[in-house]
Amino acid sequence: MLRKEVNELLTQTDPGTPMGALFRQYWIPALLASELPEDDCAPVRVKLLGERLIAFRDSDGRYGLMDEFCAHRGVSLWFGRNEESGLRCPYHGWKYDVNGQCTEVPSEPDASGFCEKIKLRAYPLIKIGDVLWTHMGGKENRPPEPVWEFATVAPEQTFTSKRWQECNWLQAMEGGIDSSHVSFLHSGGLNTDPLFRGAKGNQYNLADKKPVFEVTETEGGLFIGARRNAEEGRHYWRITPWIMPSFTMVPPRGDHPQHGHFWVPIDDENCWAWSYDYHPTRALTGAERQAMRDGHGIHNEYVPGTFRPLQNKDNDYMMDREAQKRGDTFSGIKGIAMQDASLQESMGPICDRTKENLVSTDNGIIMARHRLRKAVTALRDKGTLPPGRNPEHQKVRSVAAVLEADKNYVEACRDALTAAPGKQRTSV
Amino acid sequence: MSGSHRPTLLSNCTLATTAAEARFRVEYPNSRTRSSRIFALDQRAAEAMYAITEDPWQGAHFLTVLANDDIEPEATEASQLPLAHPDGTPADLAVEIEGADVVVLISSSGRNAGAAEVVAREAYHRSIMTAGLALSDLNAGEKAEAAVNAMRPFASVLVVARDEEFIPAMLNALRA
């Protein structure tokens, strides 16, 4: 349960809000690099943290992300002409560079210098991995560039997708650290999904539906350990890192690629669910990559030409009651991603947490909210920069391991929980 | 999608999750008051707990374990465990734990592991969920490890928190 004012504190991210200020302290995913595939390609409308923006790639390959609307008469620059190192408004020809600086106002004398007085708010946009990242905060507190392993391995080792989720970012993100739902909601997929099946760890998951949870604070966020019974008194551990403000990584299964999410607010009632899949030591196979494109694992199918899932609330997520009765799926919804999204969107655009009844196994969620709240208030009241900006905080891996019963999971797996180039991972 | 799929009317799905529709959710208390028992296992845990006992809790009982490390769990009945209320008056575990919904053990040092086992055992016999909260910080080192190890065998959920502010955050979240 959260009081109304705390729920509002954590869920509102528009400019001027405390949580909005927190998100503006990080590099966050803004677009897939494939959305701006070539120089002078079509600009893309982007809405992030309640701000309407336009992204483009100029004639010199530079990326720009700036206010969507021309400073002259407020026309959307989505209609603009991307040409000769700038984005030109089609209404009266005003032109802007990737920094938002107006470079031409055709109606004014060239020598007047008028255009120098016009500048759209702009944010840096950098390509790391498959993702274009932006930092929407002040230049004075710009963090080091992100070093997440999924974005820094070789291109053939990683795959990233994104989907529009029609609810607040926090309830979506909380699904990523709510390890106890996996044994129920996703149980149908462990033995059938091509990106999960065959792993020995699946059998532990399916055999022990009452895991014991241990939640451990770290510098950058949390480790959430879920412990299940294994052979000879040992324990099967699945360890999920959560790094502030909204990064999670699901523990791996066998030699399958490992995956996770970023949740990024679009506005208070919509967010982007970013889903990555990568293997730290080998290239993804053609079959794996195709399975991801086909919507398996944590990915999804789309309404053609959009990032809206094919299963969405307009079609009740293609609910299949017969599959639910047969046990093919626990909820009747196909696919991990949409099983989560359907339920999280059903909570309403912003979950009313004054009505919820959390239990002890929800302590991962409780701790994440606590960390966020502390960081938000420390930033607002004292200007303290939040955890998760430090590259060392981002060098994490999820782990699946069988440990002796007396082992502390964090200590036993400390090295395995740290990402390093080419290092073998720990998976079951 | 199976052939038996029957699309639902748009008015039954799309609109159901809008902010406008959220206004029509039924307003009522959907849970009864929980009965929570919070046990401080050592001095720092007790001080952290005492700092919040005056908050407006919903029936939570705060108790301090007065035992020392010599407690033999196998030889200690519930009513023999030295316990105290925040005002210092003695408390009886057998009475306190009856009817509880959740037990929370708080430790910062690993002391009184035997007492923790007695509490957890009594909770287990009554099918009461036991959660462990280990207070740690950057310099806690072996103490934190000891606190974790002391509670691990008994807790269905274990949290290692770096600050004492998590205690009220957790208890509020659990409607204690």
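Neighbouring Cβ atoms from other chains, within 10 Å of the Cβ of residues in B:119-125, number 0 on average. Considering only beta bridges that DSSP places wholly inside the protein assembly as shown, some 75 percent are antiparallel. Relative contact order, whole percent, for segment B:33-173 stands at 24, derived from Cα pairs under 8 Å and 6 or more residues apart. Once the chain from residue A:404 to residue A:308 is taken as fully extended at 0.36 nm per residue, the excess over their C-alpha distance is 30.1 nm.
With both labels modelled 7 Å from their Cα along Cα-to-Cβ, the residue B:127 to residue B:51 distance reads 3.8 nm. The local environment of residue B:60, defined by Cβ-Cβ distances under 14 Å, has a net charge of -1 under the rule Lys, Arg +1 and Asp, Glu -1. Between segment A:205-241 and segment A:147-167, the C-alpha centres lie 25 angstrom from each other.
Applying 1/(1 + (r/R0)^6) with R0 = 45 Å to the Cβ-Cβ distance of residue B:68 and residue B:23 gives a FRET efficiency near 0.20. This ranking places A:380, B:25, A:238, A:389 by how few other beta-carbon atoms lie within 10 Å of each, fewest first, which gives B:25, A:380, A:389, A:238. Label separation (residue A:111 vs residue A:355): 6.9 nm, computed from points 7 Å beyond Cα along the C-beta direction. Looking at segment B:17-126 alone, DSSP beta bridges between its own residues are antiparallel in about 30 percent of cases. Per residue of peptide A:216-225, the mean number of Cβ atoms on other chains within 10 Å of the residue Cβ is 3. Between amide H atoms placed 1.01 Å from N, distances below 5 Å from residue A:402 occur with A:237, all of them 5 or more places distant or on a separate chain.
Restriction of the GluC sites (Glu not before Pro) in segment A:368-428 to DSSP coil positions whose beta-carbon has at most 16 other beta-carbons within 10 angstrom yields A:404. Neighbour counts of other Cβ atoms within 10 Å put A:206, A:284 in the fewest-to-most order A:206, A:284. Close amide H contacts of residue A:195 (hydrogens built in the peptide plane, cut-off under 5 Å, sequence separation of 5 or more or a different chain): A:297.
Pairs to check: A:209/A:313; A:162/A:200; A:127/A:395; A:95/A:119. Give those whose C-alpha atoms are more than 20 Å from each other in this structure. Too far apart for the 20 Å limit: A:209/A:313; A:162/A:200. Each other residue within a Cβ distance under 10 Å of residue A:280 adds +1 if Lys or Arg and -1 if Asp or Glu, for a net charge of +3. Taking the helices alone, chain A has a mean residue ellipticity at 222 nm of -5500 deg cm²/dmol, built from -39,500 (n - 2.57) per DSSP H run of at least 4 residues and averaged over all its residues. The calculated FRET efficiency for residue A:38 paired with residue A:81, based on their beta-carbon distance and R0 = 22 Å, is about 0.90. Between residue A:385 and residue A:411, the modelled labels are 3.3 nm apart [label points 7 Å from Cα along Cα→Cβ].
Every read-out reported here was derived from the displayed coordinates using simple, explicitly stated rules and does not represent laboratory data. Quantities reported herein were computed from a predicted structural model and do not represent experimental measurements. All Cβ positions, glycine included, derive from the backbone under ideal geometry; neighbour counts span all protein chains shown.
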